[in-house]
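Data block below; observations after.
The values are calculated or read from the model by the stated rules, or taken from the named source; none is laboratory data. Since this is a predicted model, take the numbers as computed values, not measurements. Glycine also receives a Cβ, built like all others from the backbone with ideal geometry; neighbour counts cover every protein chain displayed.
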Amino acid sequence: MCGAELNSLPEGVQRVAAYLQSHEHPHTPRMLDDAARTAQQAADALGIALGQIAKSIIFRRVHDDAAVLVITSGDKRVDEKKVAAMVGDLGRADASFVKSKTGFSIGGVAPVAHASTGVVLIDRELFRFSEIWAAAGHPHAVFALTPAQLERMTGAPVAEVTV
């Protein structure tokens, strides 16, 4: 994407696009015609398996109010007890917490380019797929990547975090 194309995108998508560009990622964000606020909506819009959606689930760590991002496969459910055993007690992250910590609204939280540094875990289940898709900072925006690229870009550990 060139500078002019970037400027026409929503701010969150611009931030993700710049992050991807700075990490020499081969894919740019793609704007969908319809919103993909859920993993199922994104999978349907892209014509891919639900598990190929890398959904971003945010928790609030109790002892320091840090955001805990769990990037999980769209067809799996996060096991909060497994995550808490790795990072500490967790609380609910409401919409304002998510927005303040990540810079993104729920339904468009990208796995990269967050407003502040938090704790990140990657679900091992994503590695079942050669290509996955993640939100790109807006409910209408997604980008393609591999699980290995996700691991490299985030520097996050891969863990067993699902039920």
* Would you check which residues across the range 1-30 are at pLDDT 95 or above, in a loop (DSSP other than H, G, I, E, B), of a type in the set (S, T, N, Q) and surrounded by fewer than 17 Cβ atoms within 10 Å (Cβ to Cβ) and list them? => none
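On the given criteria, is ARG60 of a type outside the set (S, T, N, Q), touching a Gly at 6+ places or on another chain (Cβ under 6 Å) and either exposed (fewer than 15 other Cβ atoms within 10 Å of the Cβ) or modelled with pLDDT of 95 or more (or both)?
Here the answer is yes, as ARG60 does meet what is asked.
Here is a yes/no grid of residues against (1) touching a residue at least 12 places away in the same chain (Cβ under 8 Å); (2) outside any strand (DSSP E or B); (3) within 18 Å of LEU50 (Cβ to Cβ):
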{"site": "ASP75", "(1), (2), (3)": "yes, yes, yes"}
{"site": "ALA85", "(1), (2), (3)": "no, yes, no"}
{"site": "SER105", "(1), (2), (3)": "yes, yes, no"}
{"site": "VAL112", "(1), (2), (3)": "yes, yes, no"}
{"site": "THR117", "(1), (2), (3)": "no, yes, no"}
{"site": "VAL120", "(1), (2), (3)": "yes, no, no"}
{"site": "LEU126", "(1), (2), (3)": "yes, yes, yes"}
{"site": "SER130", "(1), (2), (3)": "yes, yes, yes"}
{"site": "PRO139", "(1), (2), (3)": "yes, yes, yes"}
* Out of all the residues in the range 13-31, which are under 17 Å from SER116 (Cβ atoms) and out of contact with any helix residue (DSSP H, G or I) (no Cβ under 9 Å at 6 or more places or on another chain)? -> ARG15, VAL16
* Please verify whether the range 84-91 includes one or more residues that are touching a Leu at 6+ places or on another chain (Cβ under 6 Å) and more than 22 Å from LEU46 (Cβ to Cβ). => yes
* What pairs can you find where one residue is in the range 38-62 and among the acidic types (Asp, Glu), the other is modelled with pLDDT of 95 or more and crowded, with 16+ Cβ neighbours inside 10 Å, and their Cβ atoms are less than 8 Å apart, with a gap of 6+ or different chains? -> none
* To do: Check ALA134, ALA156, ALA148 and return the single one that is among the hydrophobic types (A, V, I, L, M, F, W, C) and in a loop (DSSP other than H, G, I, E, B).
  => ALA156
* Determine whether ALA54 is surrounded by fewer than 22 Cβ atoms within 10 Å (Cβ to Cβ) and small (Gly, Ala, Ser). => no
* Have a look at ALA115, ALA148, ALA144, ALA135 and point out the one that is within 18 Å of HIS23 (Cβ to Cβ) and touching a helix residue (DSSP H, G or I) at 6+ places or on another chain (Cβ under 7 Å). => ALA115
